[in-house]
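Engineer: Handing you this structure, nothing more for now.
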Amino acid sequence: MKSYVITILNHERSVQVAKRCIRSAAKNGGIEVDFWKATTPTDMPIDKLLDEGVKISGLHEAYSRIANCAAAFHSHYSLWKHCIELDEEVLIFEHDAYVTDTIKENLPYDKAMSIGKPSYGKWNTPSNIGINPLTSKRYFPGAHAYFVKPAGAKEFIKQAKVMTRSTDIFLNLDWFPWLQEYYPWPVEARDNFTTIQNERGCLAKHNYGEGYDIEEV
């Protein structure tokens, strides 16, 4: 299994928290995590997605800046492609993910499984220890930590050419009824800045408050 943390390599705070993610994964289960170069607005993510045949209309939303939302989506999309090329499962982290407990490997999930604690809004608590159907929300409760297998990555890419949403909302039960979730969540988002959302999009974040920064990249 390969593990990656999406990192804005020319952004000091992103690199700093990504290194923290890497250290926390090594401490909890000895998982080796590599940097994955994040797409940024300067990389023309909208053009990149259009070149892939991705329907970008769903990335226009009230909670995020469109170029930044497209950049984040393309970062995940590029890892889905990489998963298929490797022909093996991949563990994906966003830079502000922090591993709080042992992440078990070789889990018998289906195609994709969130392992991240909900990072915003209200949620439901899964009823069982271990693998559950996606329960906390109708969509991934943040895209900060999840496993994906090639079969799941192929379905994500196929759907992206029909309709998209911001990454976590895109990963929803209506489009992917087989999504799963591991509980208790061994990863949480420890964020004090965003490079994606606008202020409206930050209001429901559990960590949002004084000292939380909205940054340009």
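Engineer: LYS48 versus (1) more than 19 Å from ALA153 (Cβ to Cβ); (2) over 15 Å from the mean Cα position of the chain (by Cα): which is the lone unmet condition?
Structural biologist: For LYS48, the failing item is (1).
Engineer: Please go through the stretch 177-211 and give me each residue that is of a type in the set (A, V, I, L, M, F, W, C) and either closer than 13 Å to ALA143 by Cβ or at pLDDT below 55 (or both), ordered by number. Steps first, answer last, please.
Structural biologist: Step one: filter the stretch 177-211 for residues of a type in the set (A, V, I, L, M, F, W, C), giving 178-179, 185, 187, 189, 193, 196, 202-204.
LEU179, VAL187, ALA189, PHE193, ILE196, CYS202, LEU203, ALA204, listed by residue number.
Engineer: Just to be sure before I move on: is SER14 within 18 Å of GLY142 (Cα to Cα), small (Gly, Ala, Ser), surrounded by 15 or more Cβ atoms within 10 Å (Cβ to Cβ) and touching a His at 6+ places or on another chain (Cβ under 9 Å) in the structure I sent? Outline the logic, then answer.
Structural biologist: Working: within 18 Å of GLY142 (Cα to Cα): yes; small (Gly, Ala, Ser): yes; surrounded by 15 or more Cβ atoms within 10 Å (Cβ to Cβ): yes; touching a His at 6+ places or on another chain (Cβ under 9 Å): yes.
Criteria met by SER14.
Engineer: So TRP123 clears everything in (1) in contact with a Leu (Cβ under 7 Å, 6 or more places away or on another chain); (2) assigned to a loop (DSSP other than H, G, I, E, B) except one condition, right? Which one?
Structural biologist: It fails just one condition, (1).
Engineer: Test of understanding: among PRO133, PRO141, PRO126, PRO177, which residue is crowded, with 23+ Cβ neighbours inside 10 Å, at negative phi and free of Cβ contacts under 8 Å to residues at least 60 places away in the same chain? Full working, then the answer.
Structural biologist: Values: PRO133 fails: crowded, with 23+ Cβ neighbours inside 10 Å; PRO126 fails: crowded, with 23+ Cβ neighbours inside 10 Å; PRO177 fails: crowded, with 23+ Cβ neighbours inside 10 Å.
Among PRO133, PRO141, PRO126, PRO177, only PRO141 is crowded, with 23+ Cβ neighbours inside 10 Å, at negative phi and free of Cβ contacts under 8 Å to residues at least 60 places away in the same chain.
Engineer: So which residues in the stretch 153-176 are in a helix (DSSP H, G or I) and either in contact with a strand residue (DSSP E or B) (Cβ under 7 Å, 6 or more places away or on another chain) or modelled with pLDDT under 95 (or both)? Steps first, answer last, please.
Structural biologist: So the first thing to find is which residues in the stretch 153-176 are in a helix (DSSP H, G or I), and the list is 153-160, 167-170.
Within the stretch 153-176, THR167, ASP168, ILE169 qualify.
Engineer: Answer yes or no as to whether ILE92 is closer than 15 Å to TYR182 by Cβ, at pLDDT 95 or above, aliphatic (A, V, I, L, M) and crowded, with 22+ Cβ neighbours inside 10 Å.
Structural biologist: yes
Engineer: Within the stretch 1-60, take every residue that is touching a helix residue (DSSP H, G or I) at 6+ places or on another chain (Cβ under 6 Å) and over 20 Å from ALA160 (Cβ atoms) and give me the one that is modelled with the lowest pLDDT.
Structural biologist: Here the answer is ILE8.
Engineer: Before we move on, is THR42 touching a His at 6+ places or on another chain (Cβ under 8 Å) and of a type in the set (Ser, Thr, Tyr)?
Structural biologist: Numbers: touching a His at 6+ places or on another chain (Cβ under 8 Å): no; of a type in the set (Ser, Thr, Tyr): yes.
So THR42 fails the test.
Engineer: Restricting the search to the stretch 130-151, which residues are of a type in the set (Ser, Thr, Tyr) and part of a strand (DSSP E or B)?
Structural biologist: Keep residues of the stretch 130-151 that are of a type in the set (Ser, Thr, Tyr), which gives 135-136, 139, 146.
Within the stretch 130-151, TYR139, TYR146 qualify.
The values are calculated or read from the model by the stated rules, or taken from the named source; none is laboratory data. What you see is a predicted model, and the numbers here were worked out from it, not measured in a lab. All Cβ positions, glycine included, derive from the backbone under ideal geometry; neighbour counts span all protein chains shown.
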